[in-house]
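The structure appears below as structure tokens.
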Amino acid sequence: MRQLPATIASKLYGAAELIAERGITEAKMDDIAAASGIPRATLYYYFTGKDEILAFLLTDMLEAIAGEVAAAVGTPGTARERLEAAVHAQIAVMLDQPAACRALVGDLGRATRLPELAHALQEAFQRPIEQLLDEGAADGSLQVQPHPEDASLAIFGAITVAGLYHAVEDTRPSAEQIAKRVLAVLMQGLAG
């Protein structure tokens, strides 16, 4: 995929709703061109096909998450407080992009086979959260995690599923309410 100009990238989000409704398999390039306002030839100049368009939308969302999570992780406070801020940040990004979230839900199997998304996920969330888990063990605000990479993926999974679920609802709680609910499980656990 070639580097997209910002004007084309922003227009491409016009097709996210179409992809969410039909799925990437049923969405035709002509339909994506019409929904986004980008000529079909221009789409083919930048993308080899529909999978790359889906990958762009999801990678762009992960990059937005990465920026917000990095900002949250870089704030002052204990590792626990920064983890709480990171959870809120990811959910807020997801709720700001409901069509992209719905496209992800509809094409999750296809999306998980896109290698660039796995790399983007590691950079956006897994590594910063692993670092917070280690810092939290050191500052005493979080329990020691024997496998921080697995713990960071479990945290990402909990946040992502909650965010996706609520992003596709017609009426939904705020990002703050969702984050509070997810954090209650993450921080307090399930044990009686």
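Details
- Residue match in the stretch 128-136 (condition: closer than 25 Å to residue 36 by Cα and at pLDDT 85 or above): no
- Count of residues meeting criterion [outside any helix (DSSP H, G or I), farther than 19 Å from residue 132 by Cα and modelled with pLDDT of 90 or more] in the stretch 61-99: 0
- Within the stretch 15-51, the set of residues being under 20 Å from residue 101 (Cα atoms) and open to solvent by 40 Å² or more (accessible area, probe 1.4 Å) comprises 17, 21, 22, 25, 26, 28, 31, 35, 50, 51.
- Scanning the stretch 73-91 for residues that are more than 18 Å from residue 143 (Cα to Cα) and more than 15 Å from the chain's Cα centre (by Cα) yields 74, 75, 76.
- Qualifying residue in the stretch 26-47 (condition: assigned to a helix (DSSP H, G or I) and at pLDDT below 90): yes
- Hits in the stretch 100-121 (condition: open to solvent by 20 Å² or more (accessible area, probe 1.4 Å) and at pLDDT 75 or above): 102
- Just one of (1) part of a helix (DSSP H, G or I); (2) touching a residue at least 12 places away in the same chain (Cβ under 8 Å); (3) open to solvent by 10 Å² or more (accessible area, probe 1.4 Å); (4) aliphatic (A, V, I, L, M) fails for residue 58. It is (3).
- Residue count for the stretch 61-95, restricted to those that are buried (at least 22 other Cβ atoms within 10 Å of the Cβ) and without any contact (Cβ under 8 Å) to a residue 12 or more places away in the chain: 0
- The requirement of being over 15 Å from the mean Cα position of the chain (by Cα) and of a type in the set (Gly, Ala, Ser) is not satisfied by residue 64.
The values are calculated or read from the model by the stated rules, or taken from the named source; none is laboratory data. Keep in mind that this is a model prediction, so the values were computed, not measured. In this analysis, Cβ positions are derived from the backbone assuming ideal geometry, glycine residues included, and neighbour counts consider all displayed protein chains. Note: accessible area is taken over every heavy atom of the protein model, side chains too, but ligands, DNA and RNA are not part of it. Shrake-Rupley method; radii C 1.70, N 1.55, O 1.52, S 1.80 Å.
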